[in-house]
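Peer 1: If you scroll down you'll find the structure; I have some questions about it.
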Amino acid sequence: MNFFPESNSSIALEIDNLFWIITGVVGIATVITLFLFVYPMITRKKKRTKIERYMVDFTHKHRIWLYTGMFLLLMGDLYILVKEHSIWQRVEQELPEPDFKIAIVGKQWMWEIIYPGPDGKLYTDDDVSAINNLHLPVNRVIHMDLKALDVIHSVFLPQSRFKQDVLPGRTITRWIKLNKEGKFDITCAEICGLGHSMMRGNLFVESEEEWKDSMDKIYGIKK
Amino acid sequence: MTEHKKTGFLKRFFFSLDHKDIGFQYLLTAMFMAAFGGFFVYVFRYNLAFGPDDIPLYGNLAAKEYNQLVTNHGAIMIFWVGMPMVLAVLGNFLIPIMIGTDDMAFPLLNKISYWTFLLSCIVLLSGFLMPTGAFGGGWTMYPPLSVSDFGYNNPNTTFKANFFTGNTFFLMAVALEFISMLMGGINFIVTTLNKRAKGLSLMKLPIVVWMINIASLLFMFSVGPLIAGTFMLLMDILVGTGFFDAYRGGDPILWQHLFWFFGHPEVYVLLLPSLGVVGEIFSTFSRKPFFGYKMVIFLVLIAGILSLVVWAHHQFVSGIDPGAANIFSLLTIIISIPFAGMVLAYLGTLWRGDIKFTVPMMFALGMLASFTFFGGFTGLHLGSNVFDIYAHDTYFVIAHFHYTLFPSVILGGFAAIYYWYPKFSGRKLNKTLGKIHFWGTFIFFNSIFIPLFWLGLQGQHRRIFDYSNWDKLLMQPNHIMARQIATVSLIFLIITQFIFLFNFFKSLYKGKVAEKNPWKSNTLEWQASSPPGHGNFALYPAVYRWPYDYNHPDRDTDFLPQNEK
Amino acid sequence: MSTKFHNEGLAHEVEYPALNDYHGHPNYLKVYITLLLLFGISLVASYLNNFLLMVTIVFLVSTLKALLVINYFMHLKWEPIPLQIIIYMALFALAALIIGVYFDVTVVPRDVYTP
Amino acid sequence: MNTSINKKPTLRDIPQARLGVWILIAGEFVIFGGLIVAYLLYRFRYPEWAEMASHTNIVLGATNTFVLLTSSYFVVKAHDAAIKKDKNKITLYIGLTILSALIFLVVKITEYSQKIHHGFTFSGKELVEQGKHIESTYWGFYFLMTGLHAFHVIVGAIVLFIVMMGARKGKNYQRIEVAGLYWHMVDLIWIFLFPLLYIAN
């Protein structure tokens, strides 16, 4: 049984790996805790003196046991944090040089995709907009200006492990690099009213030539 | 003790100032609201598994109704079931009697708090009668949607048109509920600090009283900004101010911050009293002193303070500053440490214990197990900001927070009910039915949410009426089957609860009469008669020891009540 | 009637001022005059041209005023320490809130997308 | 003077009502604090709010500050009188406090009518029509914060009145302290609202 849907972006595998790292840390903790849980239940009928049961003093020994447990988890936590920090920085805090820039605007209940016109610059008069169908080239760094018009939406590309809420009143720029051709999904992950479940788009990841063709088509229709 | 006067139903359930009666009223109201919440979840889960047509007991479901049901299920289960169940019921019933006093510090305030709560229930449910229908924008009420379904071009302009909407009623209900719980919380804190029995120092308090008080304090500190925010949002809807309107300088993200600044401590508000109950039950049924009492209180205080500064992990992808997200991720993951210490201390109580598998003990074990293994540990996944990019707003989150809230509210609540039922009714619940109820609840609860973890990892996002749009991603046979397993389990879970209801109400009148101290427990409430009359104690007890002296080596009996020298 | 040990019943049943509950009495007039002086300072400061200096002075003075009121008029100084902690915890919560939200609400570019 | 002057009372020694009001005050602090935090954050973000803040009437604001500070002094004197169980002084000082509250409210109403007259309303519709979208929200905060505060003033005055009537009948002296605490809180909040809304422009 596969745990994740197919992946198509450079960060997808890193995120999947992080999941397994955390699951590993949690797994070890689970085994220890499970033992502490089950062992007293198995041995509950054993004859014990009152003194053995009566552990009213929280002695140094007990404290050390408790601290050891907490310390082990702290180590696990720090391991997770170290692993995740660099990924987070690359994904959210740094913007590599873009090869191509687009804008995505969430509206009730569709995605408006604004492509830069033939001049290659966004927010000029020759910008072209399309609804719901996003064509992107493979293996290129793409910047996306994410906006919303009316209520909060969330751009969620499940196969790219990409998600970003879009809010009216601010533009959020994120980058993405896709490494697999095909047709993928764009979904809205933040409730946005009546048509929330109909708010679906398609992400077409295409090779350079195919992508040029489809861009020509988009420009052509508008021209 | 004072004579237990026969009082009329109306007098007892509407005007009585006695803390036990008020606790019982909260309990009944919470059960009543839980019926709504349970019915809602049944309807929309049925839709997700078997389609929107011809849902038994409901009919056809529309997308708008789906949103309304999802929203109200969330709000009801947290604010109108969870809050009263673990805070108001336990606090009202337990605090005065466990600290050996006659009643709350302010009985009238207590009653007003209940009335406000009842009013908030009525306001919430009357939202369904509004011309536009109930509110359907998610229980988190994120602004542009909660101000109007149409964002900035809101067609409703008049005050009246905006007032009679589900949005307004929902918000008013939430605000009233907060105020009610705030009044209750003040009462709990003052009662505990001020009315303790002679000799009962803070370090001799039962752990559950500590937990309820810390929870009340946390609630009080965190809810203030949200009450302010609720006023602001209400004015946005009604008057047309622009506090959260991006086109008028407002910021929708501010609401999210105000909401989650409350929303995260709220989880601990629900969790801590329940952990307190589990602590009491563990100690009693392991016949062992509570392990690391001071340590646990210290850790809870640390966790409480930390919980005030981790809220933004609900917003990693909602457009907050990515640099700040690093800090919030760090704090969130660090908060697992005090909880790990607490769980280990709790397991230390079980260690070498003479464990007795009574029904409350089973619920307590079930609570701690499901909370730790699934709720707590998946918290690490979601606390990590990178994985949260993917998991946010998917069913992984849903499964995670149900694994924290369901054990806290439902399993912990049942543990408390089974444990203290002999005290507040004077009769015993049927043990066999109780065990069936436990296994049914526990197994079906797990089989609902484990498939949802998997669905979440598959990318199934929340609050979607119909997944058929994502035929490749989410409509494979495996996905459909997982959704159906969850739904069928849910139906069985709901059916199991009828066993409990039958047991609960039948035993009120026909159950075996319980002795004064059926579990041989140490805390003060077991020294009062069952059920305690008005005023609780014939003679106010003086306290000589802490409440967990089980199996004391110097004594013949294996328990030693707090008021014995 | 049963024997009762502790503070109990409604508050008005308790003799006032309650036993053991004595807090000192500061010279209220002195505090009041200080408050008025501080108030005067903040008014004068409001005519300063330097914005930053003005804001700093005004808010320092407000904090000082608030401390005077809460400690002397409200006798918080003479209250039990746990109670003081509870009150100041509220301020801690607010400080956490404002620091956490500052970067998301204040330090963002102003930008409104209109179609 | 009492001998236990240096000994702090324990939590169990202080009357429940006072403890309760202290906890309530902590709760109120966070409620108003939430509003103030929201206001401050927006205020930092929008320099154009400074211009709006200059439309507030600093003279009336200062008058109100003075009135509330003075009333705080009266309340504390009333508390002093309550300890001595001096009914006349209690009536005098609480009467003065309620008078201050009335003055405060009258000034507030004058101020509100001025603002509304100039087109600065709660919903800010007039400003939006002039194209001043962002500025309009300032008045939302102004009216919401001062309005909520004025509501507390009214509640406090009513409470003080009830308490005074009780004290005149010679009972419930400790209620004066409790109501006084609440009144001080109203003053405390104003101490922060005044510079926020009136001075810092």
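The values are calculated or read from the model by the stated rules, or taken from the named source; none is laboratory data. Everything numeric in this text was worked out from a predicted model, so none of it was measured. As a convention, Cβ positions derive from the backbone with ideal geometry for all residues, glycine included, and neighbour counts pool all protein chains shown. Side chains are part of the model used for accessible areas, which takes the heavy atoms of the whole protein and leaves out ligands, DNA and RNA. Shrake-Rupley method; radii C 1.70, N 1.55, O 1.52, S 1.80 Å.
Peer 1: Of the residues A:D150, A:D185, which single one is open to solvent by less than 20 Å² (accessible area, probe 1.4 Å), in a loop (DSSP other than H, G, I, E, B) and in contact with a Phe, Trp or Tyr (Cβ under 8 Å, 6 or more places away or on another chain)?
Peer 2: It is A:D150.
Peer 1: Which one of these is open to solvent by 10 Å² or more (accessible area, probe 1.4 Å), more than 20 Å from B:F424 (Cα to Cα) and either in contact with a Phe, Trp or Tyr (Cβ under 8 Å, 6 or more places away or on another chain) or in contact (Cβ under 8 Å) with a residue 40 or more places away in the chain (or both): B:F93, B:F117, B:F106?
Peer 2: Just a single option satisfies the conditions, and that option is B:F106.
Peer 1: Related question: Pairs please, first residue from the range B:163-175 and among the β-branched types (V, I, T), second anywhere and open to solvent by less than 10 Å² (accessible area, probe 1.4 Å), Cβ atoms under 6 Å, 6+ apart in sequence or on different chains.
Peer 2: Every condition considered, the pairs that remain are B:T168/B:I237.
Peer 1: Against the condition crowded, with 24+ Cβ neighbours inside 10 Å, within 12 Å of chain A (Cβ to nearest Cβ) and touching a Phe, Trp or Tyr at 6+ places or on another chain (Cβ under 9 Å), how does B:G276 come out, does it pass?
Peer 2: Taking the combined requirement at face value, the residue does not satisfy it.
Peer 1: Among the numbered criteria (1) surrounded by fewer than 19 Cβ atoms within 10 Å (Cβ to Cβ); (2) within 14 Å of chain A (Cβ to nearest Cβ); (3) of a type outside the set (S, T, N, Q), which one does B:L125 miss?
Peer 2: (2)
Peer 1: Of all residues in the range A:161-176, which are under 14 Å from the mean Cα position of the chain (by Cα) and either open to solvent by 10 Å² or more (accessible area, probe 1.4 Å) or farther than 15 Å from A:V105 by Cα (or both)?
Peer 2: Correct list: A:R161, A:F162, A:R174, A:W175, A:I176.
Peer 1: Considering every residue within the range B:281-300, establish whether at least one is closer than 26 Å to B:I389 by Cα and either more than 10 Å from chain A (Cβ to nearest Cβ) or modelled with pLDDT of 95 or more (or both).
Peer 2: No.
Peer 1: Here are D:I134, D:I94: which of them is part of a helix (DSSP H, G or I), on the phi < 0 side of the Ramachandran plot and within 10 Å of chain B (Cβ to nearest Cβ)?
Peer 2: D:I134
Peer 1: Is it the case that B:L48 is within 13 Å of another protein chain (Cβ to nearest Cβ) and over 30 Å from B:Q562 (Cβ atoms)?
Peer 2: The answer is yes for B:L48.
Peer 1: A further question on this structure: Against the condition of a type in the set (D, E, K, R) and not in a strand (DSSP E or B), how does A:K83 come out, does it pass?
Peer 2: yes
Peer 1: Additional query: Would a scan of the range B:224-241 turn up a residue that is within 7 Å of another protein chain (Cβ to nearest Cβ), of a type in the set (G, A, S) and in contact (Cβ under 8 Å) with a residue 60 or more places away in the chain?
Peer 2: For the range B:224-241, residues within 7 Å of another protein chain (Cβ to nearest Cβ), of a type in the set (G, A, S) and in contact (Cβ under 8 Å) with a residue 60 or more places away in the chain: present.
Peer 1: Of all residues in the range A:55-80 being open to solvent by 40 Å² or more (accessible area, probe 1.4 Å), part of a loop (DSSP other than H, G, I, E, B) and within 7 Å of chain B (Cβ to nearest Cβ), which is modelled with the highest pLDDT?
Peer 2: A:F58
Peer 1: Which condition number does B:F298 fail, the rest of (1) over 30 Å from C:V105 (Cα atoms); (2) open to solvent by 10 Å² or more (accessible area, probe 1.4 Å); (3) in contact with a helix residue (DSSP H, G or I) (Cβ under 6 Å, 6 or more places away or on another chain) being met?
Peer 2: So the condition that B:F298 fails would be (3).
Peer 1: With the structure loaded, tell me whether D:Y138 is more than 27 Å from D:V76 (Cα to Cα) and in contact with a Leu (Cβ under 8 Å, 6 or more places away or on another chain) or whether it fails that test.
Peer 2: Spelling it out, it is not the case that D:Y138 is more than 27 Å from D:V76 (Cα to Cα) and in contact with a Leu (Cβ under 8 Å, 6 or more places away or on another chain).
Peer 1: Within the range B:247-273, count every residue that is open to solvent by less than 10 Å² (accessible area, probe 1.4 Å) and either farther than 18 Å from D:F32 by Cα or within 9 Å of another protein chain (Cβ to nearest Cβ) (or both).
Peer 2: Qualifying residue count, the range B:247-273: 18.
Peer 1: Same structure again: So which residues in the range D:164-177 are at the interface with chain C (Cβ under 8 Å from one of its Cβ atoms) and outside any loop (DSSP other than H, G, I, E, B), if there are any at all?
Peer 2: Of everything in the range D:164-177, those that are at the interface with chain C (Cβ under 8 Å from one of its Cβ atoms) and outside any loop (DSSP other than H, G, I, E, B) turn out to be D:Q174, D:R175.
Peer 1: Collect the residues in the range A:19-49 that are in a helix (DSSP H, G or I), loosely packed, with under 15 Cβ neighbours inside 10 Å and free of Cβ contacts under 8 Å to residues at least 24 places away in the same chain, keeping them in residue-number order.
Peer 2: Listed by number, the residues that qualify are A:W20, A:G24, A:G27, A:V31, A:L34, A:F35, A:V38, A:Y39, A:M41, A:I42, A:T43, A:K45.
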